[in-house]
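No value in this document is a laboratory result; all are computed from the given coordinates. Treat the numbers as computed from the prediction; the structure is a model and nothing was measured. So basically every Cβ, Gly included, is an ideal-geometry build from the backbone, and we count neighbours across all protein chains shown.
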Amino acid sequence: MYQNWEELEEACKNCNKCRLCQGRKSVVIGTGNKEAKLMFIGEGPGADEDIQGIPFVGKAGQLMNKAFTGVGIEREDVYIANIVKCRPPQNRNPEKDEAEACKEYLETQIKLVNPEKICLMGSVALKNILGEQYGITASRGKWFEKDGIKMLPTFHPAALLRDESKKINFWQDLKKFINE
């Protein structure tokens, strides 16, 4: 476990623990308030994120930003991270060994931020944080607790781009996340 942000960021930037380091443009560590009460975790960087080095800046991130605005969340007031810090090829889901290689980085981020609540966005975040036995459709909108932190799974914003019928659930989950 890394003791501070500087150690964590240095380790991430020099990481070669898995094949995702090959061909990356950026290591996408996280963004936002490093003392936030609310934390959001997605799966991994896409093409736009790899270029800019910031999570959730592509189409899914733009949709997420609109939802944040709608429920009164300021992006700079929350902390946003991903299961993996490097872009999986063709935006595929991170494989188990890749997620495992980044696990200590994410655990350190959670420890350093020390949020009250974490929103797990999508199946990859849900399964890597709470366990393989959970499915996003059955778990979304329900509170879980792990290591004293309340966690609420919801759909990944990219899923909303593919299936607009999920937007209402995402919206309801976000409101629940900030109000309960």
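Residues that are under 17 Å from the mean Cα position of the chain (by Cα) and on the phi > 0 side of the Ramachandran plot do occur in the range 53-61, at least one of them.
Looking only at the range 50-68, which residues are of a type outside the set (Lys, Arg) and within 14 Å of Pro157 (Cα to Cα)? Break it down into steps so the answer makes sense when it comes.
Keep residues of the range 50-68 that are of a type outside the set (Lys, Arg), which gives 50-58, 60-65, 67-68.
Selection gives Pro55, Phe56, Val57, Gly58, Ala60, Gly61, Gln62, Leu63, Met64, Asn65, Ala67, Phe68.
Taking (1) touching a strand residue (DSSP E or B) at 6+ places or on another chain (Cβ under 6 Å); (2) farther than 30 Å from Asn16 by Cα; (3) of a type in the set (Val, Ile, Thr) in turn, Ile118 satisfies each apart from (2). For the range 38-63, the candidate set comprises residues that are in contact with a strand residue (DSSP E or B) (Cβ under 7 Å, 6 or more places away or on another chain) and in a loop (DSSP other than H, G, I, E, B); within that set, the residue that is farthest from Lys127 (Cα to Cα) is Ile54. One residue alone among Lys66, Lys25 is in a helix (DSSP H, G or I), among the basic types (Lys, Arg) and loosely packed, with under 15 Cβ neighbours inside 10 Å, and that residue is Lys66. As a summary of the residue check, Pro55 satisfies the conditions (1) within 18 Å of Gln109 (Cα to Cα); (2) touching a residue at least 40 places away in the same chain (Cβ under 8 Å); (3) not β-branched (Val, Ile, Thr) except for the one numbered (2). As a summary of the residue check, Tyr2 satisfies the conditions (1) more than 23 Å from Asp173 (Cβ to Cβ); (2) part of a helix (DSSP H, G or I); (3) in contact (Cβ under 8 Å) with a residue 40 or more places away in the chain except for the one numbered (2).
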